[in-house]
Each structure stands twice: as structure tokens, then as C-alpha cells.
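Peer 1: Pasting a structure here, questions to come.
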Amino acid sequence: MSTTSAPGGMQEATVTIRADYNLLFIQDVDDVRPLGAAMPEPWLLATESDRVAIHAGQTGLISVTTQAWAVPPPPVDDQFRARWEDIAEMSFTASTDDLVLTSLLDGPPMGGLDSVTPHGPGSYRVRVAAIGRTEYWDSVAPPEKQPAVQLLVQLWPSKSADAILYQYKDRFTGQLVFADETKRA
């Protein structure tokens, strides 16, 4: 676990967290709503008021780096695309500044950011990038392979905009599929 702050108002924390039922959430720590948001394949995230659901691809330990930005992070470019298999972003509205990364059964991990919405209530953008989701799709990686999935979760204040699926690794063919080959959400 590590937490850092960077110039430009970005706060970052890296944690290992257990995904239950293949899901992680960004939500109020006291939120006890049922699963909720529908997530059609190949999307890796879905949003609803005060909540973001992240489909980690598997149950088990997941390595997550969370970045809370004061301004938009660098755009998705070829270098970013080469590093990650799955990349998507969506808008959501936060009614509190207390949203955290959390798992369904274990709650927020120790060492994570105190809040991923430190800029207060309002409209946010969330970008999730993942690698390793397809290897143990909808199952559990052997303990010696965990964490098999790495996620980067970037959040920043932003006006609401269309959801974008930049690319994803097809779980059947193993091939990367790019945004011009898919429909926007």
C-alpha cells in the first residue's frame, strides 16, 4: 500500500483489495444498496447516482491504483493504450465528498484514499484501465497468481459526457477491440 500526492492536485494510492462477485465499487462507505447497476459486456464499469461499479473480471485479490485529480488526467494516447487491455470512462454525480473504493463484503482497504471525490459534491468523470481481467474471467485465480488483475482508476471533476469504451480485450478471442469497432454506451 502506498499513498502519494503529486503536482497538479493529484492524490494517488495503490492497494490490494478483494473483489467479491467480480465487482468493486466507488461509493459511500455506509452504502448498503444491492448490486444495482447493469453492466453489459464488454464494459468494465457502470455508474448510477453516488456509485460506480467496476467489473474486475474475477473474484479474488485485485491490485488497484486510484488517482483523484483536480484537473483532467492526461488523455488516452497510444502509450496508455499499449499499457492497458481494457479502457473505459463514464460520468457520474457525487452528492458527497466521502466516496471511497470499496469491495462488496470487505469494505474499503486500509491505506486507500480517504476520498476519491475530495473536490466535493458534483459531476465527476471516472476512467478505468485494466490488465489481466480475461485470464480468469468470472472465476478465481489460484492463490499464487493473485493479484492477477491490475486496475487504474482515475477520477476528476467534469461536466457530464458520453461514456467511452476506448478498447477491451475480447475474453473469447484474446484480441484487442478498439473504440471504432464498438458502439458507445
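The values are calculated or read from the model by the stated rules, or taken from the named source; none is laboratory data. Treat the numbers as computed from the prediction; the structure is a model and nothing was measured. Don't worry about glycine lacking a Cβ; one is built from the backbone with ideal geometry, like all the others, and counts go over all protein chains shown. Protein only, heavy atoms only, side chains kept; ligands, DNA and RNA dropped before computing areas. Shrake-Rupley method; radii C 1.70, N 1.55, O 1.52, S 1.80 Å.
Peer 1: Which of the strands (runs of 3 or more DSSP E) found entirely inside region 113-180 contain at least 3 residues meeting this: more than 23 Å from Ala68 (Cα to Cα)?
Peer 2: 176-178
Peer 1: Which one of Pro109, Pro72 is farther than 21 Å from Gln150 by Cα and either assigned to a strand (DSSP E or B) or not polar (S, T, N, Q) (or both)?
Peer 2: Within the list Pro109, Pro72, the selection yields Pro72.
Peer 1: From (1) at pLDDT 90 or above; (2) part of a strand (DSSP E or B), pick out the condition that doesn't hold for Thr4.
Peer 2: Result: Thr4 fails condition (1) only.
Peer 1: Turning to a different aspect of this structure: Would you confirm whether or not region 82-95 contains a residue that is at positive phi, touching a strand residue (DSSP E or B) at 6+ places or on another chain (Cβ under 8 Å) and hydroxyl-bearing (Ser, Thr, Tyr)?
Peer 2: no
Peer 1: Turning to a different aspect of this structure: Limited to region 31-67, what total is found for residues that are within 12 Å of the chain's Cα centre (by Cα) and modelled with pLDDT of 80 or more?
Peer 2: The total comes to 17.
Peer 1: I'm trying to understand the selection: among the residues of region 7-26, which are at pLDDT below 90, over 13 Å from Thr117 (Cα atoms) and surrounded by fewer than 17 Cβ atoms within 10 Å (Cβ to Cβ)?
Peer 2: The answer is Pro7, Gly8, Asp20, Tyr21.
Peer 1: Right, another one. For a quick check of your reading of the model, give me the residue pairs whose first member lies in region 74-94 and is open to solvent by 30 Å² or more (accessible area, probe 1.4 Å), whose second is assigned to a strand (DSSP E or B) and polar (S, T, N, Q), with beta-carbon atoms closer than 7 Å and at least 6 apart or on different chains.
Peer 2: Listed pairs, sorted by first residue: Arg81/Gln167; Thr93/Ser123.
Peer 1: May I ask you to list pairs of residues, at least six apart or on different chains, whose Cβ atoms are under 9 Å apart, with the first in region 127-139 being within 20 Å of Val52 (Cβ to Cβ) and the second being of a type in the set (Asp, Glu) and part of a strand (DSSP E or B)?
Peer 2: Arg127/Glu89; Val128/Asp86; Val128/Glu89; Ala129/Asp86; Ala130/Asp86; Ile131/Asp86; Arg133/Asp86
Peer 1: Then there's this: If Gly122 passes every condition in (1) surrounded by fewer than 16 Cβ atoms within 10 Å (Cβ to Cβ); (2) more than 16 Å from Val52 (Cα to Cα) but one, which one does it miss?
Peer 2: (2)
Peer 1: Further, regarding this structure: Let me spell it out: the conditions are (1) exposed (fewer than 15 other Cβ atoms within 10 Å of the Cβ); (2) touching a helix residue (DSSP H, G or I) at 6+ places or on another chain (Cβ under 6 Å), and Tyr166 meets all of them except one. Which number is the exception?
Peer 2: (1)
Peer 1: Starting from residues that are in a loop (DSSP other than H, G, I, E, B), of a type in the set (D, E, K, R) and at pLDDT 90 or above, keep the ones in region 75-106 and report whichever is nearest to Phe178 (Cα to Cα).
Peer 2: Selected residue: Glu85.
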